[in-house]
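The values are calculated or read from the model by the stated rules, or taken from the named source; none is laboratory data. Because the structure is predicted, anything quoted here is derived from the model rather than measured. Positions of Cβ are generated from backbone atoms using ideal geometry, with glycine treated the same way; all protein chains shown enter the neighbour counts. Only protein heavy atoms, including side chains, enter the accessible area calculation; ligands, DNA and RNA are left aside. Shrake-Rupley method; radii C 1.70, N 1.55, O 1.52, S 1.80 Å.
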Amino acid sequence: MIPHIDQLLTEIEQYTAQNKEQLEQFKSQYTGKKGVLQDLLDQIKNIPAEQRKEYGQQVNKIKEAAQEKLKALTEQLENLQAANVNKPHDLTLPVIPDGLGALHPLTQTTRRVIQIFERMGFNISDGPEIEDDWHNFTALNFPLNHPARDMQDTFFISKGSDNDMALRTHTSSVQVRVMEKMQPPMRTVSIGRVYRNEAISVRAHCLFHQVEGFYVAKNVSFKDLKDTLYHFVRELFGNETKIRFRPSFFPFTEPSAEMDISCHICGGKGCNVCKHSGWVEIGGCGMIDPNVMKNCNIDPEEYTGFAFGMGIERITMLRNQIKDIRLFTENDVRFLKQFS
Ligand code: DAH
């Protein structure tokens, strides 16, 4: 009836599979949609009616044999794989090296900033990220109704009757903490996270980093401030960098200024980074307000001081020509890899 039935059965019987591919090959050859079995089933319509019964029995025999074989081969292969997993590792194989990691660009900037200020005799100080109203606002001479205290800008944690707790909105709070504890001369920088309730965009984030620095001693002048920052930006952005100060206002400094540096991309000629002005802003600064000194029990008649604050993200974006502040917190390896 099926002339080569014995040959077919022997073939199936003797089939061996060492791997997945050979197992797949068996399926497609015998049990698959285009396999032998299907072919035999398709032919049933051409078989004369009186022979169909016998034909069907033979096809069934082949089907059973093929299914049994498939089961056996699958089991065999699974056992083989399990045995391989339990084999000891081949220690003589060559090593595939992992890609080397790199410091996050913000860490790189932070370390460089610290290095520059340490060389100028500044030490490093630190303060909490969860801060009270006194250190973040009141001691820094913010009037009670100042808009920065508003829910719009500050993440409040608890509204106490006499002292609110909030995520610090700037590292100037560390200024207060250090001045309360130490006596002049004091020269210190503090770098850390700050938080503001702002919509996240290309230029703004609700979480970023600042460096705050200040110097309090006898006869500290605005010239000292200028010299310090001038040296800093030339170290960080190169010797050709120019600096300019624009009058501004902060509650904790008087006089206050915003500082710009000449655009280190175009050298001041004008480009996209500096919006064709030749200058880019990098932070605020000024002479510490006598009220702030008094709040920290330092006599403003005897001592004067300067302070400054800059954004670490901002500096890093300028240093590395990064156009989107959100990249710093997205942890995309393709971005981070560029800084190794
Ligand atoms: N705290 C200010 C801010 O967050 C930055 C700043 C400005 C710090 C002037 C200062 C300063 O120490 O003198 O925007």
Among the Cα-Cα pairs of the stretch 70-207, the proportion with separation greater than 21 Å, in percent, is 64
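Can you give me the accessible area per residue for the chain, using a 1.4 Å probe, in Å²? Working shown, then result.
On the way: 20030 Å² over 340 residues.
That works out to 59 Å² for each residue.
Can you list the equivalent-ellipsoid semi-axes of the stretch 1-140, largest first and in whole Å, using the square root of 5 times each Cα gyration tensor eigenvalue?
Numbers: eigenvalues 1161, 100, 36 Å².
Whole-Å semi-axes of the equivalent ellipsoid: 76, 22, 13.
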Given backbone amide H placed at 1.01 Å from N, residues whose amide H is under 5 Å from that of Ile157, ignoring those fewer than 5 places away on the same chain, are Met165, Ala166, Leu167
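Determine the alpha carbon to alpha carbon distance for each of Lys27/Lys63; Lys33/Lys69; Lys34/Lys61; Lys45/Lys71 and list only those over 22 Å.
On the way: Lys27/Lys63 12 Å; Lys33/Lys69 17 Å; Lys34/Lys61 19 Å; Lys45/Lys71 30 Å.
Table pairs above 22 Å Cα-Cα are Lys45/Lys71.
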By the mean-Cβ-within-10 Å protection proxy, highest first, 232-242, 135-145 rank as 135-145, 232-242
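Nearest 5 percent is fine: what portion of the DSSP beta bridges confined to the chain is antiparallel?
Values: 43 of 45 bridges.
Given both bridge residues lie in the chain, the antiparallel proportion sits at roughly 95 percent.
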Here FRET efficiency (C-beta to C-beta, Ile130 to Asp153, R₀ 25 Å, nearest 0.05) is 0.95
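Using C-alpha positions alone, give me the convex hull volume of the chain per residue in cubic angstrom. Intermediate values should be presented prior to the final figure.
Details: hull volume 100.9 nm³, N = 340.
For the chain, the hull spanned by Cα atoms encloses 297 Å³ per residue.
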Taking a ≥ b ≥ c as the square roots of the Cα gyration tensor eigenvalues, with a/c under 1.5 meaning rounded and otherwise prolate when a/b beats b/c or oblate if not, the stretch 159-220 comes out oblate
Here, Gln115 and Thr92, labelled 7 Å along Cα→Cβ, have an inter-label distance in nm of 4.6
The percentage of the accessible area of the stretch 239-334 (probe 1.4 Å, all protein chains present) made up of carbon and sulfur atoms, to the nearest whole number, is 47
The distance between the Cα centres of the stretch 201-273 and the stretch 291-331, in whole Å, is 9
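At a Förster distance of 22 Å, what's the computed FRET efficiency of Met1 paired with Lys45, Cβ-Cβ distance as r, to 0.05?
Numbers: r = 15 Å, r/R0 = 0.69.
The computed FRET efficiency comes out at 0.90.
How much length would be gained if the chain were fully extended between Leu100 and Ser221, taking 0.36 nm per residue of separation minus their Cα-Cα distance, in nm to one decimal? Don't skip to the answer; put the middle values down first.
Numbers: separation 121, 0.36 × 121 = 43.56 nm, distance 4.66 nm.
Full extension from Leu100 to Ser221 adds 38.9 nm.
Could you tally the net charge around Tyr30, taking each other residue with its Cβ under 11 Å from the Cβ of Tyr30, Lys/Arg +1 and Asp/Glu -1? The partial results should precede the final answer.
On the way: positive: Lys27, Lys34, Lys63, Lys69; negative: Glu11, Asp39.
Charge balance in the 11 Å sphere: +2.
When a/c reaches 1.5 or more, the comparison of a/b and b/c decides; with that in mind, is the stretch 5-86 rounded, prolate or oblate per its Cα gyration tensor?
Numbers: a/c = 3.56, a/b = 2.72, b/c = 1.31.
Note, shape of the stretch 5-86 comes out prolate.
Could you calculate the contour length gain from Ile200 to Leu327, that is, 0.36 nm times the residue separation minus the distance between their Cα atoms, to one decimal place in nm? Before the final figure, lay out the partial values.
Values: separation 127, 0.36 × 127 = 45.72 nm, distance 1.16 nm.
Here the answer is 44.6 nm.
Across every pair of different alpha-carbon atoms, what Kirkwood hydrodynamic radius in Å does the stretch 261-340 reach? All intermediate terms of the calculation are to be shown ahead of the outcome.
Numbers: mean 1/r = 0.0641 Å⁻¹.
Radius from the Kirkwood sum: 15.6 Å.
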Amide H proximity to Phe306 below 5 Å, modelled H, separation 5+ or other chain, gives Tyr215, Ile288
